[in-house]
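Visitor: Have a look at the structure that comes next, please.
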Amino acid sequence: MRTSIDLHNFLLSLEIPHEISLIEMSASSAAMAAACLGLDQSEVGKTLIIKIDDDPAIAVIPGNRRLDLKKVKQVTKASKVKLMNPKDIVSLTGYVVGSIPPLAHANQMPVYVDLRLLAIPFIYTCGGQMNAVLKIKPVDLITAANAQIVDISDDGRV
């Protein structure tokens, strides 16, 4: 099983500035992480593992927004997009569900970062363990993950 040490070593190997902090409570949801760190949920990046047609991918969106599967479908020109089954995520990423960072996974996957995350100085995401938080500049996350910047979230209002 992968941990925050694997994430840290991956980012060190790329010479990407970052911080990984251990906190007293689980940071397994954007709301929990934001509350624990005294942040707005928009500063917390949610990492979601999705299936684009039959291929896994990673979507990183602000914690105060929802993944818009229709937007992902449009951006990727896929015929179908869905959230990955949680039981398949551990073997794919190497991380426990609820601790998955946006990069440094057991298997390489394309990474899509919602453009709204570029508006903040730092993104806080899961750091590879339930109580670990990664702090990284958006541009550094995009560089390290070789991510595409896209519009893939909505605010949840109908």
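Visitor: Quick one: which of ILE50, ILE58 is part of a strand (DSSP E or B), touching a Phe, Trp or Tyr at 6+ places or on another chain (Cβ under 9 Å) and farther than 19 Å from SER4 by Cα?
Guide: Values: ILE58 fails: farther than 19 Å from SER4 by Cα.
The unique qualifying residue is ILE50.
Visitor: Considering only residues of region 67-96 that are assigned to a loop (DSSP other than H, G, I, E, B) and surrounded by 15 or more Cβ atoms within 10 Å (Cβ to Cβ), which is farthest from the chain's Cα centre (by Cα)? It would help to see each step written out before you state the result.
Guide: Taking region 67-96 and keeping what is assigned to a loop (DSSP other than H, G, I, E, B), we get 68, 77-80, 84-85, 94-96.
If we keep only those that are surrounded by 15 or more Cβ atoms within 10 Å (Cβ to Cβ) too, we end up with 68, 78, 84, 94-96.
Values: ASP68: 15, ALA78: 21, MET84: 14, GLY94: 14, TYR95: 12, VAL96: 13 Å.
Only one residue tops the list, namely ALA78.
Visitor: Considering only residues that are on the phi < 0 side of the Ramachandran plot, surrounded by fewer than 17 Cβ atoms within 10 Å (Cβ to Cβ) and not hydrophobic (A, V, I, L, M, F, W, C), which ones fall in region 7-27?
Guide: ASN9, SER13, PRO17, GLU19, SER21, GLU24, SER26
Visitor: If you check every pair at least six apart or on different chains, which have Cβ atoms under 6 Å apart with a residue in region 59-82 that is without any contact (Cβ under 8 Å) to a residue 24 or more places away in the chain first and a residue that is surrounded by 15 or more Cβ atoms within 10 Å (Cβ to Cβ) and assigned to a strand (DSSP E or B) second?
Guide: Sorted first by the residue in region 59-82, then by its partner, the pairs are LEU69/VAL81; LYS73/VAL81.
Visitor: Can you tell me which residue is farthest from ILE50 (Cα to Cα) among those in region 97-110 that are modelled with pLDDT under 95 and surrounded by fewer than 23 Cβ atoms within 10 Å (Cβ to Cβ)?
Guide: Residues of region 97-110 that are modelled with pLDDT under 95, as a first pass: 97-99.
Now restrict to residues that are surrounded by fewer than 23 Cβ atoms within 10 Å (Cβ to Cβ): 97-98.
Details: VAL97: 13, GLY98: 15 Å.
Out of the qualifying residues, it is GLY98.
Visitor: Then there is this: Mind listing whichever residues of region 108-127 are touching a Lys or Arg at 6+ places or on another chain (Cβ under 6 Å) and either more than 21 Å from ASN64 (Cβ to Cβ) or hydroxyl-bearing (Ser, Thr, Tyr) (or both)?
Guide: Of everything in region 108-127, just one residue is touching a Lys or Arg at 6+ places or on another chain (Cβ under 6 Å) and either more than 21 Å from ASN64 (Cβ to Cβ) or hydroxyl-bearing (Ser, Thr, Tyr) (or both), namely TYR124.
Visitor: Among (1) over 15 Å from the mean Cα position of the chain (by Cα); (2) at pLDDT below 95, there is one condition LEU14 misses while meeting the rest; what is its number?
Guide: Of the numbered conditions (1) over 15 Å from the mean Cα position of the chain (by Cα); (2) at pLDDT below 95, the odd one out for LEU14 is (2).
Visitor: When the residues of region 21-47 are narrowed to those that are in a strand (DSSP E or B) and either of a type in the set (A, V, I, L, M) or over 17 Å from ILE100 (Cβ atoms) (or both), which ends up modelled with the highest pLDDT?
Guide: VAL44
Visitor: Can VAL113 be described as hydrophobic (A, V, I, L, M, F, W, C), in a helix (DSSP H, G or I), at negative phi and at pLDDT 95 or above?
Guide: Working: hydrophobic (A, V, I, L, M, F, W, C): yes; in a helix (DSSP H, G or I): no; at negative phi: yes; at pLDDT 95 or above: yes.
So VAL113 does not fit the description; no.
The values are calculated or read from the model by the stated rules, or taken from the named source; none is laboratory data. Model, not experiment: these values are computed from the prediction. Note that we place each Cβ from the backbone using ideal geometry, even for glycine, and neighbour counts take in every protein chain shown.
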